[in-house]
1. Which strands (runs of 3 or more DSSP E) sit wholly inside region A:48-151 and have at least 3 residues that are surrounded by fewer than 20 Cβ atoms within 10 Å (Cβ to Cβ) and more than 14 Å from chain B (Cβ to nearest Cβ)?
2. Answer yes or no: is there a residue in region B:13-33 that is in a helix (DSSP H, G or I), at pLDDT below 85, closer than 21 Å to A:PRO260 by Cα and not aliphatic (A, V, I, L, M).
3. Scanning for something of a type in the set (S, T, N, Q), in contact (Cβ under 8 Å) with a residue 40 or more places away in the chain and within 30 Å of A:GLY312 (Cα to Cα), does region A:28-43 turn up at least one residue?
4. For a quick check of your reading of the model, give me the residue pairs whose first member lies in region A:362-374 and is at the interface with chain B (Cβ under 8 Å from one of its Cβ atoms) and under 15 Å from A:ARG204 (Cβ atoms), whose second is open to solvent by 30 Å² or more (accessible area, probe 1.4 Å) and modelled with pLDDT under 95, with beta-carbon atoms closer than 9 Å and at least 6 apart or on different chains.
5. All but one of (1) over 17 Å from A:GLY175 (Cα atoms); (2) assigned to a helix (DSSP H, G or I) hold for A:LEU44; state the number of the condition that does not hold.
6. Test A:PHE258 against the criterion of being in contact with a Phe, Trp or Tyr (Cβ under 8 Å, 6 or more places away or on another chain), open to solvent by less than 20 Å² (accessible area, probe 1.4 Å) and not in a helix (DSSP H, G or I), and give yes or no.
7. For region A:335-361, how many residues meet the condition of being at the interface with chain B (Cβ under 10 Å from one of its Cβ atoms) and free of Cβ contacts under 8 Å to residues at least 24 places away in the same chain?
Amino acid sequence: MTADQVEAALVGVLVALVACGLAPTLGGVYQYLLVPVHAFRNHLGRAAPHLPRVAVVVPAWNEGAVLGASLDRLMRLEYPPDRLRVVVVDDASTDDTPDVVRAKAAEHPGRIVLLRREQGGQGKAHTLNHGIEHLLRDDWMEALLIMDADVIYRPDALRRMTRHLADESVGAVTGYIREGSGRPGAVARFIGYEYATAQACARRAQNVMGAVACLAGGAQLHTRANLEAIGGRIDTTTLAEDTFTTFLTQLDGRRVVFDPHAVVLAEEPDSVRALWKQRVRWARGNMQITRRFRRVWFRPARGHRLGAPDFGLVWFSVFVLPFALIAASVGLVGLYLLEPGAAAALFARLWWVALAVYVLITVTTLLVDLETARRSWFEGLLFPGVGALVLVTASAWPGLWEVEVPALLGLRMTDAGVTAWTLLVYLWPVLSMVLARVVHDLEGRPVVGVLSRPLLYLVGFGPVLCAITLHAYVREWRGAAQTWDKTEKTGRVAG
Amino acid sequence: MSGAEDRDGDAPGGELTRATRRDLADEIARDRRGERLRVTAGLAGAVLAVVVVLLLAGVR
């Protein structure tokens, strides 16, 4: 093999790496193209008036600050009171959680029950199972609603979920968890927009596909038949017990439905540190699910659509995103070192892809959930980060940042400066993930801590999530201890 | 469905009253219409936005 052939092969590999970097975009675009189809292909056509006897199980560990409001809202649900019971499972709280529940139980005799686990700290699934075991002892319960202690149900949310259970092929229903803090900070607003993409849009697309990735942990309604069919308990071996239950339900031949009109408000982390802790747990859980159901992926089967190629594409698009960003950067930098002209040409051709995808996703998301758009439109626009938007302009208008902008200031960039700038642009996908960790580390520190917010907007929320996911994969790969790190809630939800 | 109807939502034997059933059916019909409007708006906005991008590409 001649040196030219080796170089040509290497160029081919590097171009393939850049293409790999774009691959997850396909999953995102595919989902967003399905969103409008939901207007005509949704489960509302098979929904019917149906108000089964619903037992609500609320796992609680030190939730004294938020639980009272949640229980009050549950008691005010527009749902027949004789068909709704609430069981709060106190996971050996050390605050006033039991007192709060006892007071509410006294206000609503027979409708709120307190169960207490003396040995706590084993995680949410164990706590839920304690309540489910209690509820399955008699025949009263026809459906089970699993929720979190801090979420606030809109008055009509539960009945908008139960109507789907009129269709006997449905095993479980989930609602739309919307970030609902009264005065959200930057991180909470980013999460608000993220939930609009990941739930209001992506779950609609999954309804169309006929396979739902996850019943939201704060709003999952199961039929009793489904609960019993999946073993009458929640899996305790993974960190993603809600996703595990979702998969079991569908593998057992029952449908899972998302109802975007059943809105549930939740308080989400408002600091990058709290977000990091929460999402590391989620991403590790997803990695465990990916491994546990390895025989499901890309294997179409009768009875469920989890093995359909399109669902696999969507699932793995998210799963491999951090590696895709790294591949794109390595490919571009490698090409730049070997064939600078080829790197520039490839980069210039990519801009319209990136811009079109960005516009498609942002506009659709903001229009699908106008309430979130009012709160989080700025974070929606800057979700990929200012850095990524600069990168798109650099790709669309070659020379803009190296020549034209400096010329406006009467400056001229040296050749070394142009090289450094080019490498910075090509490396940005990786660099943004590194900087995401810097945002995490700066946050809360004296003096330099003020830099964390501007840096967050520069880096973008997407890269922060990718960095967290990568960190989670490393922890999982190293076999780090599987602990249930509770996200602190303060009762900021304004329902 | 109003709060009063909640409390009176059941006929003897656990069946839904005709009024409750009608309210719930109306709500389903409203949500179906709302779904069509909302998602079609999303599609229209996205198509417009992509057209803008293509126009930009053309004049670049």
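1. Details: elements: A:54-60, A:84-90, A:112-116, A:143-146.
Correct list: A:112-116.
2. no
3. Yes, there is a match, as at least one residue in region A:28-43 is of a type in the set (S, T, N, Q), in contact (Cβ under 8 Å) with a residue 40 or more places away in the chain and within 30 Å of A:GLY312 (Cα to Cα).
4. A:THR364/B:LEU43; A:LEU367/B:ARG38; A:LEU367/B:ALA41; A:LEU367/B:LEU43; A:LEU367/B:ALA44; A:VAL368/B:ARG38; A:VAL368/B:ALA41
5. Of the numbered conditions (1) over 17 Å from A:GLY175 (Cα atoms); (2) assigned to a helix (DSSP H, G or I), the odd one out for A:LEU44 is (1).
6. yes
7. Number satisfying all stated conditions: 2.
The values are calculated or read from the model by the stated rules, or taken from the named source; none is laboratory data. These numbers come from a predicted model, not from an experiment. So basically every Cβ, Gly included, is an ideal-geometry build from the backbone, and we count neighbours across all protein chains shown. Accessible surface is based on the protein model in full, side chains and every heavy atom, while ligands, DNA and RNA are left aside. Shrake-Rupley method; radii C 1.70, N 1.55, O 1.52, S 1.80 Å.
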